[in-house]
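Structure, as structure tokens:
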Amino acid sequence: MAKQIEHVTWSHSYSMGIKQIDEQHKGLLDFVNDLFNHASGDERQERLYFQEVVQQAVQYIKEHFATEEKFMVMTKFPDYAVHKKTHDEFTLTVVKSVKDFEAGKRLVLEKFAYFLKDWVLSHIAVMDAQYAQYFRQIATRKANGKLTITKADVTQ
Ligand SMILES: [Fe+2]
Ligand SMILES: [Fe+2]
């Protein structure tokens with residue numbers, strides 16, 4: 001019997017109400033699913049796949065964090081520093097893991113996929129949700145055009 005492949009499905013409850021950020025979160029979950037799809041248990045094959053995609057994925061994560069941080073700075077989000085620190089620490093953890101794998105540490109793709117999935121989903125549900133809630137308040141309060149974020153950025 002074939003092993004059941006883990007799959008993360010986008011749900012409306014993950015929506016931040018900001019189009020660009022939602023698209024990036026979907027992209028991150030697509031990557032997690034791609035990792036699960038390539039978790040064959042054959043380390044040689046997993047490594048080949050990992051080497052092919054990992055740098056682009058790290059870049060994607062960095063760009064996503066930079067986008068959120070830009071929105072947070074724009075809206076003067078009070079918990080920006082804590083949020084940014086969490087992003088920075090996660091980026092360091094990922095970069096270190098990648099270096100370890102490249103240096104020969106045993107790579108279990110499924111494990112890495114779970115690690116990424118758990119972090120991304122809980123970060124969206126807790127920290128990103130706080131920021132999104134704040135942004136919705138701000139966007140409503142300053143709907144007179146003073147805010148550099150336009151209505152087009154908001155999907156709900
Ligand atoms: Fe995020
Ligand atoms: Fe975030």
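Any read-out appearing in this document is the output of simple, stated calculations on the displayed coordinates, not a laboratory observation. This structure is a prediction, so every number in the text was calculated from the model and none was measured. All Cβ positions, glycine included, derive from the backbone under ideal geometry; neighbour counts span all protein chains shown.
Available extension along the chain between residue 105 and residue 55 is 16.3 nm, counting 0.36 nm per residue and deducting the alpha carbon span. Distance between the 7 Å Cα→Cβ label points at residue 129 and residue 44: 4.5 nm. The amide H of residue 18, built 1.01 Å from its N in the peptide plane, has 155 as neighbours under 5 Å, considering only residues 5 or more places off or on other chains.
Against the main long axis of the alpha-carbon atoms of the chain, helix 129-141 sits at an angle near 20°. This ranking places 94, 32, 53, 73 by how few other beta-carbon atoms lie within 10 Å of each, fewest first, which gives 73, 53, 94, 32. The Kirkwood radius of region 20-120, taken over pairs of alpha-carbon atoms, gives through the Stokes-Einstein law at 10 °C and 1.306 mPa s a diffusion coefficient of 110 µm² s⁻¹.
Through the Karplus equation 6.51 cos²θ - 1.76 cosθ + 1.60, θ set to phi - 60°, convert the phi angles of region 102-119 into ³J(HN,Hα) values in whole Hz; use x for Gly and Pro. Going residue by residue, I get 5, 7, x, 4, 4, 9, 10, 4, 4, 5, 4, 4, 5, 4, 5, 4, 4, 5 Hz, with x marking Gly and Pro.
With the Cα gyration tensor of region 72-131 giving a ≥ b ≥ c as the square roots of its eigenvalues, does the rule (a/c under 1.5 for rounded; else a/b larger than b/c for prolate; else oblate) give rounded, prolate or oblate?
Numbers: a/c = 4.87, a/b = 2.05, b/c = 2.37.
It comes out oblate by the Cα gyration axes.
Taking a 28 Å limit on the Cα-Cα distance, which of the listed pairs 62/111; 76/96; 26/111; 26/85 fall beyond it? Pairs exceeding 28 Å: 76/96.
Using C-alpha pairs below 8 Å separated by at least 6 residues, the relative contact order for region 1-130 is 37 percent.
Only helices enter this figure: runs of n ≥ 4 DSSP H residues, each worth -39500 (n - 2.57), summed and divided by the residues of the chain, yield -22500 deg cm²/dmol at 222 nm to the nearest 500.
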